[in-house]
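Q: Got a structure for you, written out below as structure tokens; questions coming shortly.
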Amino acid sequence: MQYDLFGLQQAMAKVQTEKRFYHTLGVQTTSFAMALKHGADEEKALIAGLLHDSAKCLSGAVLLSECGKYGLPISDTEENSPYLLHGKLGAYYAENKYGITDKEIQSAISYHTTGKPDMSLLEKIVFTADYIEPSRSSERIPNLHEIRTLAFDNLDFAVYQILGNTLNYLKKIHMEIDSTTVEAYEYYKNIIR
């Protein structure tokens, strides 16, 4: 299917801050490059990367309200940390605001923050691209250069490293951890052994 990439970019520029939009373009291009390397559908990677944060600039209260309004399930962890809902709501927006009916793209958007066990290739690409895109700083992310290299050489190991870093960071700042992220970490820990 042919998507209106320019129109979708313009739509994202309207709903995101300038900094968030710059990040979004980085995720879009990184997803595209990774799709080329790993043999995924490049157009799906472009669209999922572009729309991954379509609901990111909403407040926690709005995320909770919108998910409730559209009947999207909210876990206890998401109730306590509503920012986690931006992927789920973003997937809903992809279909209902932006006309993206492809379930694989929607799923990649939905799980780009938490990950999940046994992700599809597109899900792994968007999850990883969100973490390694060019505006990310190695001063803030441990082993970023190594993970960027792994993303093109050993994607499962890159996903494992990202999940480990994420869990360590959340523990360090005493944030509640989504069980899906823990399950994903355990899954990929077993995969890379």
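The values are calculated or read from the model by the stated rules, or taken from the named source; none is laboratory data. Computed from a prediction, not measured in an experiment: that's the story for all the values here. All Cβ positions, glycine included, derive from the backbone under ideal geometry; neighbour counts span all protein chains shown. Side chains are part of the model used for accessible areas, which takes the heavy atoms of the whole protein and leaves out ligands, DNA and RNA. Shrake-Rupley method; radii C 1.70, N 1.55, O 1.52, S 1.80 Å.
Q: Mind checking which of Val62, Val27, Val182 has the largest fluctuation in a GNM of the chain, springs on alpha carbons under 10 Å?
A: Answer for the Gaussian network model of the chain: Val62.
Q: Given the options Leu163, Leu155, Leu72, which has the most mean-square fluctuation in a GNM of the chain, springs set between C-alpha atoms less than 10 angstrom apart?
A: It is Leu72.
Q: When only C-alpha pairs under 8 Å and at least 6 residues apart count, what is the relative contact order of segment 58-112, in percent?
A: Working: 50 pairs, mean separation 16.9, N = 55.
RCO, segment 58-112: 31 percent.
Q: Under a Cβ-only charge scheme (Lys and Arg +1, Asp and Glu -1), can you give me the dipole magnitude of segment 62-113 about the Cα centre, in debye to the nearest 20?
A: Working: 4 positive and 7 negative charges, 29 e Å.
Dipole magnitude for segment 62-113 comes out near 140 debye.
Q: Along the charge dipole of the chain, which of Ile141, Ala151, Gly7 sits closest to the positive end, that is, farthest toward it, with unit charges on the beta carbon of Lys, Arg, Asp and Glu (+1, +1, -1, -1)?
A: Going by the Cα projections, it comes out as Ile141.
Q: What figure, in Å² to the nearest 10, do you get for the accessible area of Phe157 with a 1.4 Å probe and non-protein molecules left out?
A: 60 Å²
Q: Let me ask something additional. So for segment 64-163, averaging the separation of alpha carbon pairs under 8 Å that are six or more residues apart and normalising by length, what relative contact order in percent results? Don't skip to the answer; put the middle values down first.
A: Working: 91 pairs, mean separation 16.9, N = 100.
Relative contact order comes out at 17 percent.
Q: Subtract the Cα-Cα distance of Glu42 and Arg140 from 0.36 nm times their separation in residues, and report this length gain in nm to one decimal. Write out the running numbers ahead of the final one.
A: Details: separation 98, 0.36 × 98 = 35.28 nm, distance 2.91 nm.
Full-extension gain reported as 32.4 nm.
Q: Could you list which residues have their amide H under 5 Å from that of Arg136, counting only those 5 or more apart in sequence or on another chain, with H placed in the peptide plane?
A: Correct list: empty.
Q: Return the single residue from Ile147, Ile109, Ile125 with maximal mean-square fluctuation; model: Gaussian network over the chain, springs between Cα atoms under 10 Å.
A: Ile147
Q: Continuing with this model, one more query. From zero outward in steps of 10 Å, how is the percent of C-alpha pairs of segment 1-92 spread across the bins?
A: Result, from short to long distances: 17, 41, 31, 10 percent.
Q: Another question, if that's okay. Based on the inverse mean of 1/r over its pairs of different Cα atoms, what is the Kirkwood hydrodynamic radius of segment 58-175, in Å?
A: Values: mean 1/r = 0.0655 Å⁻¹.
Hydrodynamic radius (Kirkwood, Cα pairs) of segment 58-175 is 15.3 Å.
Q: So, with a 1.4 angstrom probe, what is the percent of accessible area on the chain that is carbon and sulfur? Show your work: numbers first, answer last.
A: On the way: 4850 of 9560 Å².
For the chain, the apolar C and S fraction of the accessible surface comes to 51 percent.
Q: Using a cut-off of 12 Å between beta-carbons, work out the net charge of the residues near Ile105 (Lys and Arg +1, Asp and Glu -1, Ile105 not included).
A: Details: positive: Lys44, Lys103; negative: Asp41, Glu43, Glu95, Asp102, Glu104, Glu123.
Surrounding charge for Ile105 is -4.
Q: If I model a spin label as a point 7 Å beyond the Cα along the Cα-Cβ vector, how far apart are those points for Ser120 and Val182 in nm?
A: Result for the modelled spin labels: 2.8 nm.
Q: Got a sec? Charge dipole of the chain, +1 on Cβ for Lys and Arg, -1 for Asp and Glu; which of Thr101, Cys57, Thr30 is way out at the positive end?
A: Toward the positive end, the furthest listed residue is Cys57.
Q: Another one. With +1 assigned to the C-beta of every Lys and Arg and -1 to the C-beta of every Asp and Glu, and no other charges, what is the dipole magnitude of the chain about the Cα centre in debye, to the nearest 20? Spell out each step's value before the answer.
A: Working: 19 positive and 25 negative charges, 78 e Å.
That gives a dipole near 380 debye.
Q: Calculate one ³J(HN,Hα) per residue across segment 54-65 by plugging θ = phi - 60° into the Karplus curve 6.51 cos²θ - 1.76 cosθ + 1.60, and present them in order as whole Hz with x for glycine and proline.
A: 5, 10, 5, 7, 8, 6, x, 4, 5, 4, 4, 5
Q: Using helices alone, I'd like the mean residue ellipticity at 222 nm for the chain: each DSSP H run of four-plus residues gives -39500 (n - 2.57), total over residue count, nearest 500. Before the final figure, lay out the partial values.
A: Working: 11 runs with 131 residues, N = 193.
Mean residue ellipticity, 222 nm, calculated: -21000 deg cm²/dmol.
Q: How far apart, in nanometres, would the label points at Ala13 and Ile192 be if each is projected 7 angstrom from Cα along the Cα-to-Cβ direction?
A: Output for this residue pair reads 3.8 nm.
Q: How big is the gap, in Å, between the Cα center of segment 6-54 and the Cα center of segment 131-193?
A: Between the Cα centres of segment 6-54 and segment 131-193 lies a distance of 20 Å.
Q: So for the chain, taking the charge dipole from beta-carbon charges (+1 Lys/Arg, -1 Asp/Glu), which of Ser120, Leu167, Asn190 sits furthest toward the positive end?
A: Leu167
Q: Still on this model: Using each residue's phi in segment 41-48, evaluate 6.51 cos²θ - 1.76 cosθ + 1.60 at θ = phi - 60° and report the 3J(HN,Hα) Karplus result to the nearest Hz, with x for Gly and Pro.
A: My calculation for segment 41-48 gives 5, 5, 5, 4, 5, 4, 5, 5 Hz in order.
Q: Then there's this: Add +1 for every Lys or Arg and -1 for every Asp or Glu among the other residues with Cβ under 12 Å from the Cβ of Leu170, and state the total.
A: On the way: positive: Lys171, Lys172; negative: Glu176, Asp178.
Charge balance in the 12 Å sphere: 0.
Q: Keeping all protein chains in place, calculate the accessible area per residue for the chain (probe 1.4 angstrom), answer in Å². Show your work: numbers first, answer last.
A: Details: 9560 Å² over 193 residues.
Each residue of the chain exposes 50 Å² on average to a 1.4 Å probe.
Q: With the Cα gyration tensor of segment 73-116 in hand, give its eigenvalues times 5 under a square root as the equivalent ellipsoid semi-axes, listed largest first in whole angstrom.
A: Details: eigenvalues 78, 24, 10 Å².
Its equivalent ellipsoid spans semi-axes of 20, 11, 7 Å.
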